[in-house]
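The values are calculated or read from the model by the stated rules, or taken from the named source; none is laboratory data. Since the structure is predicted, the reported quantities are computational estimates derived from the model, not experimental observations. A quick note on method: Cβ atoms are made from the backbone with ideal geometry, for glycine too, and the neighbour counts reach across all protein chains shown.
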Amino acid sequence: MKKIFLVVFSILLIDQILKIYIKTHFELGSGVFIFPFFCIFFVENPGMAYGFYLGTGYYGKILLSFFRFFLVSLIFLFLYKNVKKGSSSYLTIPTGLILSGAMGNFLDSALYGLLFNTGTVYSKEYHKWIPYLGISKINNFFVGGGYASFMKGCVVDMFYFPIIDTHFPNWIPFLGGTNFQFFKPVFNLSDMSIFIGVILLFIFKNRIKNAKIL
């Protein structure tokens with residue numbers, strides 16, 4: 001059990017260190033290319049992956065934060081139960097990866113509004129999320145001044161892989177004159193951990209079933 005939760009804690013710790021570093025050293029919308037196909041590019045995401053929302057403005061944000069908390073609780077109980085009864089590592093390790101990723105993004109939405117002095121906020125007047133200028137600083141809890149209240153923070157994303165970035169010539173039917181980019185979404189270590197965990201569960205699903213039978 002200790003090994004599984006050490007994996008969860010280690011990924012969560014690295015994820016938060018990366019996010020806090022990016023938030024306190026990069027301006028929103030800025031980045032640096034590490035390789036031609038890999039860039040550290042700082043964006044804040046008030047919704048879920050790929051820009052999906054559970055509702056409008058802060059009401060949707062709070063709903064999403066509570067949904068994340070509920071999901072983290074379910075995954076934790078599932079993992080704890082299976083580790084206690086000695087379930088296969090093919091099940092517990094991928095589940096641990098998913099748990100660490102879900103916890104990482106939940107912490108962003110729950111606490112980052114309190115932790116930092118600036119962040120992306122929702123404008124009721126313009127009905128959209130408004131970015132900010134400059135570099136954020138860690139907020140002094142004793143003084144106050146966080147950019148949002150509990151459960152209203154935004155998730156920090158930074159990994160960007162523009163593997164293909166090209167422009168279709170005008171002579172190509174339907175697509176001519178348009179830009180094509182792959183892979184466009186910007187994500188974080190938590191997202192990667194969840195994705196890898198899900199893929200591993202799919203790959204080892206037969207071994208997991210056989211282990212249960214045995």
- With criteria (1) closer than 18 Å to G60 by Cβ; (2) of a type in the set (K, R); (3) in contact (Cβ under 8 Å) with a residue 24 or more places away in the chain, K137 comes up short on (1)
- Task: Check I194, I199 and return the single one that is within 22 Å of Y21 (Cβ to Cβ), under 19 Å from the mean Cα position of the chain (by Cα) and assigned to a helix (DSSP H, G or I).
- Result: I194
- Scanning region 175-191 residue by residue, those of a type outside the set (F, W, Y) and either under 21 Å from I34 (Cβ atoms) or part of a helix (DSSP H, G or I) (or both) turn out to be Q181, K184, P185, V186, N188, L189, S190, D191
- Message: So, L114, is that one touching a residue at least 60 places away in the same chain (Cβ under 8 Å) and either surrounded by 11 or more Cβ atoms within 10 Å (Cβ to Cβ) or in contact with a helix residue (DSSP H, G or I) (Cβ under 8 Å, 6 or more places away or on another chain) (or both) or not?
- Response: no
- Task: Could you please find all residues in region 126-174 being assigned to a loop (DSSP other than H, G, I, E, B), over 28 Å from I14 (Cβ atoms) and aliphatic (A, V, I, L, M)?
- Result: L133, V143, I172
- Query: Within region 1-41, restricting attention to residues that are more than 15 Å from G104 (Cα to Cα) and touching a Gly at 6+ places or on another chain (Cβ under 8 Å), which residue is surrounded by the fewest Cβ atoms within 10 Å (Cβ to Cβ)?
  - Reply: E27
- Looking at region 192-214, is at least one residue at pLDDT below 90 and crowded, with 16+ Cβ neighbours inside 10 Å? yes
